[in-house]
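Everything below concerns the one structure shown next.
The values are calculated or read from the model by the stated rules, or taken from the named source; none is laboratory data. Please read all numbers here as calculations on a predicted model, not as lab measurements. Please note: Cβ atoms are built from the backbone with ideal geometry, for glycine as well, and neighbour counts cover all protein chains shown.
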Amino acid sequence: MPAMNEMQCDLLVIGSGMAGMAAAMFAGQHHIDTVQVGITGEINFASGLLDVLGVHPQDQGIPWEDPWAGIRQLIKDTPDHPYARLGVDQIQRAMDTCIAFLKSAGLHYTTRHNLNSHIITPAGTVKTTYAVPHSMAAGAQALASKTPTLLVDFHGLKGFSARQIIETAGRRWPGLKQLRLAFPGTRGELYTEHAARSLDLAANRKALADLIRPHLVGAKAVGLPAILGIYRTSEGVTDLEHQLGVPVFEIPTMVPAVTGLRLREAFEQRLPATGIRALYQQKVWDAMVLPNGEFRFSAGGLAPETTIKARGVILASGRFFGKGLRADRSRIREAIFDLPVVQPKKRALWHHKDLLQPSGHPINRAGLETDEHFRPVDEKGQVIHPRLHAVGSILAHQDWIRQKCGSGLSIATAFGAVDAYAQLSRQ
Amino acid sequence: MQTQVLIIGGGATGTGLARDLALRGVSCVLAEKQDINAGASGGNHGLLHSGARYVSSDPASACECKKEGRLLKSLAPHCIEETGGLFVAVEGDDEKYIADFPDICANAGIETHAVDLERAKEMEPALSEKLIAAYAVDDATIDPFKLSLDNIAHAQQLGAILLRHTQVTRFEIHRHRIERVFLRDHVTGKETVMAPEIIVNASGAWAGEVASLAGADIDMVYSKGSLLVTQERISHRVINRLRQPTNGDILVPGGTVSILGTTSERTESPDAIYPAIHEVDHIIEQGAAMMPVLGSTRYIRAYCGVRPLISSGGLTDDRSVSRGFSLIDHGKEDHAVHNFITISGGKLTTFRLMAEKTADLVCRHLNIPEPCRTRTEPLPNTVDARWTEPGLAPNQWIRNNNPEDMLLCECEMVSQSVVDTIVASLRRRQGRPDMKAIGLRSRIGKGPCQGTFCSLRVASYLYDSQAFSGNEGVDQLRTFLQERWRGQRPLLWDMPLVQAELMEAMHCGLYGLELEQ
């Protein structure tokens, strides 16, 4: 058996979804000696849109124009929601910090004067979100002002039909026209990542602009599926706008999408520069608390290969899709420490018979209960370990999917937990 | 719309009857309020019984099963896989039942062969180590969707008309005859009136409701049975538990998967039935006693049907109700309706016989001396029904090797060209293409992702091919996903729960389908 690598750190961040990335980022800004572990996968499924709060109360499906007013109401109505541990100012600061960080990594986001924006989806529905990638901002603007727009789709790109969007959204957004193109140099199925890599190159953008230009007649904007580059998207959008003479924007595609890949690349490339030691090809295999109160983990890809000793932990392992929670036929468990999980009494209560029941499925509110420092607590409210914090979607009493608060929840709780860890460490 | 016979109900019996009548030259319209096999005909094991299961409770049915099973194997081989079957007992099972089984079978004329335990384990490696008895029987499996789709397609070729999503709402009765029938198309909302000579109620579990429209009283017992689909095929043969029929004691291979069932639970109504979580758990526990792997394998889907049983009063166990069928000539009753017939009860295995007996009665009423031809004429293997077969779409796709024919359902490898042919065949029969109908006629949405990815791909493809317009795609997605959800919900633990979370994140988190009420 090969010898295990050994690592020692102050703080171990477990998870590399949005919450884990945000926690590592905040830890870096606090100059905490941090290791981050977690196989990156889930973030590839990100739409790229950063929600903070779209809907509340969810059974009435009411979208908020002002997410901060929505959060104030949410905290008032559901004081056990993780947002209630923070308050609006901290959530705003967390979002601002994260958006600035992503900008420093070359991924630009736009917000609408602190209000929510609305984005058209490939299903032709309208999605309420907070910060939109710069490449999608003109789309929010065009939808809001019903700008006559040419929607471009591509032969071979499955699950993205401009005609579907036009037919479905036609009533709220008249003046849409379809242009179906063959992506230059391809036949058969078109993969978004392949197309995006190709459009990072100016020559390929020119070829695309040349195909679009003759069809611009009357269009005041051009919408495309999210394939405008991976590393130089803003530059690509500006270039196309320059060539076409009208605003150009992206529309999210089915996931996994390049929008998620851009986020992953931005974090993965920028975090090490802030001193984070990252193990993105490894996951935690087992965990124990040593007699001195510190943690010891083994981590690895296909088998344990690294031993990590850490003083404290931020658990950002996600829910079921992220493998932070696991369920068998009778109950839900937390995967690494077997922490207590607040959950419905039995499986029959996990999900409604109706998939789209407006109030949402009770299982989505299952998760970890914490104190005000985001430290998991047991049934009696006792902190389980003084330096074990949990953040993101694994937390109980939220329904990020229906409330449209996924990114905000991840980023803000990571901000709160890292801040609490830093403060408690100083005491 | 002119027709001699109106058939109500598009299950195995109704579609079989349409073909039988059409072969005798009788014109008929089949009205189905949902789609083909929406009731028990689509909610069963797909088991072509040897008869051995019914030997002790219902020897007459057992014998019918045996004869019909043989006939179908020769006439509709493309719908059938001749898997053979085993009856197996494990430690703790009733030893008297085991000991009596071969003789009771022999008395009913059902062949069995004792199988050495070692040999049985070689034949079916997943069998329990606690096996104590095994008998081979002549069970086979049948694809009930292909069967009904082929029956109706052949009937349509011969001139019969199928009205999907069309419900009978009212009968107008004069002098003990149904003079006019009022129907409503649930998609378009259009009302039609018909004046058929004979009306046949083949609506399965809904037979009581339909009969009551004519003032007739049928005392139905609604016995729900739930079944589970595994991700992989567990056995080569049909595996029956060798004991008095009860819950979770049959495992039936179905192409690339296996189906484990069933349960028997009274329900108040045949509508809006769901496989329940306690049923799922019970089936798994029972199945695992026969084959331990059933306790840990991944399940893809649960579904259920309501057995159309006609009560004879004072029942305690619904499995003791005769599985034979009832053919009721309502002209012979107190409140006689002379041109109204009900066919109900029975089993998938005996659907052809039920259709034959019903058609005989219809022809007597109409004074048509034509004999039954479904007993001798093979069931054509039609294009309309072919895509229900697992493996066909991928084989064809690989063989054609056409990069322009892209896969819409990647789990089951169903490509655009398959969707095109299904849409064309629905259109050819004046039907409107909808995602549920396409799902019913293919393997789309039936793999591990249960529609997570393929639903939007199919919807956008249907927009691109001009099949959809306006904002109907949103409703189509909602309806398609809800239909998938009905079968996923009781099985959401481990990986299926992971999959379901992703599905909700996409369809609610990003597309906001729950907000588009």
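Note on region B:270-310: among residues that are charged (D, E, K, R) and in a strand (DSSP E or B), the one that is nearest to the other protein chains (Cβ to nearest Cβ) is B:ARG301.
From the list B:ASN240, B:ASN247, the lone residue that is within 30 Å of B:TYR54 (Cα to Cα) and assigned to a strand (DSSP E or B) is B:ASN240. Going through B:ALA336, B:ALA276, B:ALA272 one at a time, which residue ends up being surrounded by 17 or more Cβ atoms within 10 Å (Cβ to Cβ) and either within 30 Å of B:VAL498 (Cα to Cα) or at pLDDT below 95 (or both)? It is B:ALA276. For region B:1-14, give me the residue count where each residue is touching a Leu at 6+ places or on another chain (Cβ under 7 Å) and crowded, with 24+ Cβ neighbours inside 10 Å. Within region B:1-14, residues that are touching a Leu at 6+ places or on another chain (Cβ under 7 Å) and crowded, with 24+ Cβ neighbours inside 10 Å number 5. Please tell me if B:MET495 is aliphatic (A, V, I, L, M), part of a helix (DSSP H, G or I), in contact (Cβ under 8 Å) with a residue 60 or more places away in the chain and more than 7 Å from chain A (Cβ to nearest Cβ). Criteria met by B:MET495.
In this structure, B:LEU71 does satisfy being at pLDDT 95 or above and assigned to a helix (DSSP H, G or I). Looking across region A:58-67, the residues that are surrounded by fewer than 18 Cβ atoms within 10 Å (Cβ to Cβ) and either part of a helix (DSSP H, G or I) or modelled with pLDDT under 95 (or both) come down to A:ASP59, A:GLN60, A:GLY61, A:ILE62. I'd like to know if region B:438-459 contains one or more residues that are more than 9 Å from every other protein chain (Cβ to nearest Cβ), assigned to a helix (DSSP H, G or I) and among the charged types (D, E, K, R). No, region B:438-459 has no match at all.
Being within 24 Å of A:SER161 (Cβ to Cβ) and buried (at least 22 other Cβ atoms within 10 Å of the Cβ) is a description that applies to B:LEU481. Here is the figure for region A:341-377: residues that are under 22 Å from the mean Cα position of the chain (by Cα), within 30 Å of B:GLN517 (Cβ to Cβ), more than 10 Å from chain B (Cβ to nearest Cβ) and part of a loop (DSSP other than H, G, I, E, B) total 1. Restricting A:THR253, A:THR233, A:THR238 to residues that are under 27 Å from the mean Cα position of the chain (by Cα) and farther than 24 Å from A:ASP51 by Cβ narrows the list to A:THR238. Inspection of region B:468-476 identifies no residue that is within 24 Å of B:ARG298 (Cβ to Cβ) and more than 7 Å from chain A (Cβ to nearest Cβ). Screening the candidates A:GLY301, A:GLY260, A:GLY312, A:GLY245 for the property of being within 14 Å of another protein chain (Cβ to nearest Cβ) and not charged (D, E, K, R) yields one hit, A:GLY260.
Scan region B:465-474 and give yes if some residue there is part of a helix (DSSP H, G or I) and crowded, with 24+ Cβ neighbours inside 10 Å, otherwise no. Yes: region B:465-474 contains one or more residues that are part of a helix (DSSP H, G or I) and crowded, with 24+ Cβ neighbours inside 10 Å.
Checking B:GLU483, B:GLU504 one by one, the residue that is at the interface with chain A (Cβ under 7 Å from one of its Cβ atoms), in a helix (DSSP H, G or I), among the acidic types (Asp, Glu) and at negative phi is B:GLU504 and no other. Taken over region A:394-419, the residue count meeting the criterion of being outside any helix (DSSP H, G or I) and of a type in the set (Asp, Glu) is 1.
Listed by position, the strands (runs of 3 or more DSSP E) enclosed by region A:116-203 that each have at least 1 residues that are within 30 Å of A:TRP400 (Cα to Cα) and either more than 13 Å from every other protein chain (Cβ to nearest Cβ) or free of Cβ contacts under 8 Å to residues at least 40 places away in the same chain (or both) are A:117-120.
Yes/no matrix, rows are residues, columns are (1) among the hydroxyl-bearing types (Ser, Thr, Tyr); (2) free of Cβ contacts under 8 Å to residues at least 12 places away in the same chain:
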position	(1), (2)
A:THR238	yes, yes
A:LEU261	no, no
A:ILE276	no, no
A:ALA287	no, no
A:LEU302	no, yes
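Residue count for region A:321-340 under the criterion of being under 23 Å from the mean Cα position of the chain (by Cα) and either under 22 Å from A:PRO386 (Cβ atoms) or in contact (Cβ under 8 Å) with a residue 60 or more places away in the chain (or both): the result is 7. Restricting region A:367-397 to residues that are crowded, with 18+ Cβ neighbours inside 10 Å and among the polar types (S, T, N, Q) leaves a set whose member that is nearest to A:SER317 (Cα to Cα) is A:SER393.
Any chance region B:71-83 includes a residue that's among the basic types (Lys, Arg) and under 29 Å from B:ALA272 (Cβ atoms)? No. The criterion of being out of contact with any His (no Cβ under 8 Å at 6 or more places or on another chain) and touching a residue at least 60 places away in the same chain (Cβ under 8 Å) holds for A:GLY318.
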